[in-house]
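Below: one structure, written as structure tokens.
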């Protein structure tokens, strides 16, 4: 029983990582209709920024994280302005390929700069915390809390603030939003900047929990998209539940079957779900 | 239109002659090997062209299916000790069956979802290649015999692959103008319209997916009899993406596009060998630039220049362009 609880807690940690990724991805996809396949790599890049500031330059952790987030945000806005420029006017396939090209470019450039070795970001939060029968490191707890607070904050911003209303308006109908005087450019920049900031946080936390390798973004992005596909796009609550399902399912597979098959198991599950619910588990509207 | 076709057919005859003469010019087995690889990729990518260029579905499982073909051949020919030709037939048929099963699942989705779903299938296949006992794990399977007795001249296999490639291209050329091909291209440009004029969407889409998988299977067979060895690496997700890039960069939906794309796919990395470390960085950047500045691929670029030279009725050629693309 205790082992099961521990596995569930581990699953919760993975779910939190996937949730943060899925949040960024679904914002970018929902508002700008870009399947941002390079997002995992952007996250890893953010992690490397953190690594440079914390491990190599020895800055205080909080300042380093803020700096890494700031640079990532700028980089994200740059991505929206350069490779993804006017993405809404391109055929979907072309945007898809641009994102794949960007992913290849970022992964390999990181490999050139940082080499293929693994690095762990020294976040200095390895103390154990005992919650009833479950043991978690401080960092894992921080990750879970970060995921929850960012998700809640995003939901509140989207639902309550004027900015959130504008973002939803652009997602709903670009032309109408433009006619209402909403700056599409501004919203796009905000969405990309925000997503990249969240990505940087994911990268740093991931680098602290496990380790950073230049190609790690690929694994991250697949699970992020897996969560979106499972949920059906554009449904925050559904995305949260999907991330929980995927993370816990994965950790149970690792705990009770084999770590070799954890990826296969997750994707087989998603395929099975899509056979019965092609638009995802929680899709609201039923399209043809 | 007529002149383009004539010029196109002249060009292709010249290319075929050139390809047939290459072993006479270079006895270097390195270059012959590169050409064999190119021909194999052309077969695989023409397959992808059917589902991507005609039907308009972004399949990212082509590299994985290519691997399935190679692995079935290798397993049949070594572990089960079968005759090389029956191993090849079983591999191609097996690929078709697998695609038929997958088609039940993948066509429940479309658009980006279809791409992501096929991508996850590619991931699963890759993990299976790595972890199953029968595929030999990370080491793969070695010692696959050649298709022809080793006493035959080395060029035999070169010409065999060339012939299969030409057959594959000829088949796609025929398919384009067939009832099925028109149906598929109709689905690609507007599936509701296609359905309303009586195209059975599901059957046609499944047919195009199975056809593309058969091409991947043929490619896998040719590949494994060329290298004599399989391992998971050439069939991973990156391979599927490389197929997609080759078709799109060449010009998807056209006959020549996948050919040009495959040539680039094989020769660009080989030439960039000296810059090995920078290879993928340049590749990624090149992909973005190509898609941004010539979204219809190399073939589209050629047409653009041709149209600018000829100009007489821009509106009409414009319409023709669209019907040709899909």
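The values are calculated or read from the model by the stated rules, or taken from the named source; none is laboratory data. None of the values given here were measured: they were computed from a predicted structure. As a convention, Cβ positions derive from the backbone with ideal geometry for all residues, glycine included, and neighbour counts pool all protein chains shown.
Structure values in brief
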quantity: Failed item, numbered, when residue A:134 is tested on (1) touching a residue at least 40 places away in the same chain (Cβ under 8 Å); (2) more than 19 Å from the chain's Cα centre (by Cα); (3) over 28 Å from residue A:244 (Cα atoms); (4) surrounded by fewer than 17 Cβ atoms within 10 Å (Cβ to Cβ); calculated: (3)
quantity: Among (1) touching a residue at least 12 places away in the same chain (Cβ under 8 Å); (2) over 25 Å from residue A:18 (Cβ atoms) - the single one residue A:175 does not satisfy; calculated: (1)
quantity: Where residue B:142 falls short, out of the listed (1) surrounded by 22 or more Cβ atoms within 10 Å (Cβ to Cβ); (2) away from chain A (no Cβ under 14 Å); calculated: (1)
quantity: Residue under evaluation residue B:305, criteria (1) more than 11 Å from chain A (Cβ to nearest Cβ); (2) within 29 Å of residue B:208 (Cβ to Cβ); (3) assigned to a helix (DSSP H, G or I), criterion not met; calculated: (2)
quantity: Members of the stretch B:88-113 found to be crowded, with 21+ Cβ neighbours inside 10 Å, more than 8 Å from chain A (Cβ to nearest Cβ) and over 17 Å from residue B:68 (Cα atoms), listed by number; calculated: B:106
quantity: Test set (1) within 14 Å of another protein chain (Cβ to nearest Cβ); (2) part of a loop (DSSP other than H, G, I, E, B); (3) under 30 Å from residue B:34 (Cα atoms) - residue B:150 fails condition number; calculated: (1)
quantity: Residue in the stretch B:60-67 that is within 10 Å of another protein chain (Cβ to nearest Cβ), assigned to a loop (DSSP other than H, G, I, E, B) and buried (at least 18 other Cβ atoms within 10 Å of the Cβ) present; calculated: yes
quantity: Residue within the stretch A:144-166 that is part of a helix (DSSP H, G or I), within 14 Å of another protein chain (Cβ to nearest Cβ) and surrounded by 15 or more Cβ atoms within 10 Å (Cβ to Cβ) present; calculated: no
quantity: Leading residue by the ranking (surrounded by the fewest Cβ atoms within 10 Å (Cβ to Cβ)) among those in the stretch A:212-222 that are within 11 Å of chain B (Cβ to nearest Cβ) and outside any helix (DSSP H, G or I); calculated: A:215
quantity: Qualifying residue in the stretch B:206-227 (condition: within 12 Å of chain A (Cβ to nearest Cβ), assigned to a helix (DSSP H, G or I) and either modelled with pLDDT of 90 or more or in contact with a strand residue (DSSP E or B) (Cβ under 6 Å, 6 or more places away or on another chain) (or both)); calculated: no
quantity: Of all residues making up the stretch B:239-262, the number that are away from every other protein chain (no Cβ under 13 Å) and within 17 Å of residue B:223 (Cβ to Cβ); calculated: 2
quantity: Residues of the stretch B:277-291 satisfying the condition of being more than 7 Å from chain A (Cβ to nearest Cβ) and more than 18 Å from residue A:115 (Cβ to Cβ); calculated: B:282, B:286, B:289, B:290
quantity: Given (1) within 14 Å of chain B (Cβ to nearest Cβ); (2) closer than 30 Å to residue A:157 by Cβ; (3) assigned to a helix (DSSP H, G or I), number of the condition residue A:274 does not satisfy; calculated: (2)
quantity: Flag for residue A:78 being farther than 16 Å from residue A:25 by Cα, surrounded by fewer than 22 Cβ atoms within 10 Å (Cβ to Cβ) and more than 14 Å from chain B (Cβ to nearest Cβ); calculated: no
quantity: Matching option when the condition is in contact with a strand residue (DSSP E or B) (Cβ under 9 Å, 6 or more places away or on another chain), within 30 Å of residue A:81 (Cα to Cα) and at pLDDT 85 or above, among A:217, A:193, A:203; calculated: A:203
quantity: Residue among B:235, B:267 that is in contact with a helix residue (DSSP H, G or I) (Cβ under 8 Å, 6 or more places away or on another chain), closer than 21 Å to residue B:49 by Cα and surrounded by fewer than 20 Cβ atoms within 10 Å (Cβ to Cβ); calculated: B:267
quantity: Among (1) over 29 Å from residue B:109 (Cα atoms); (2) surrounded by 17 or more Cβ atoms within 10 Å (Cβ to Cβ); (3) modelled with pLDDT under 90, the one test that residue A:257 misses; calculated: (2)
quantity: Subset of the stretch A:223-238 [at pLDDT 85 or above and surrounded by fewer than 21 Cβ atoms within 10 Å (Cβ to Cβ)]; calculated: A:237
quantity: Single residue of B:139, B:117, B:102 found to be closer than 30 Å to residue B:187 by Cα and in contact (Cβ under 8 Å) with a residue 24 or more places away in the chain; calculated: B:102
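Results for (1) surrounded by fewer than 19 Cβ atoms within 10 Å (Cβ to Cβ); (2) closer than 28 Å to residue B:60 by Cβ; (3) facing chain B (nearest Cβ under 10 Å), shown as yes or no for each residue.
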residue	(1), (2), (3)
A:23	no, yes, no
A:56	yes, no, no
A:60	yes, no, no
A:63	yes, no, no
A:83	no, yes, yes
A:92	yes, yes, yes
A:107	no, yes, yes
A:116	yes, yes, no
A:126	yes, no, no
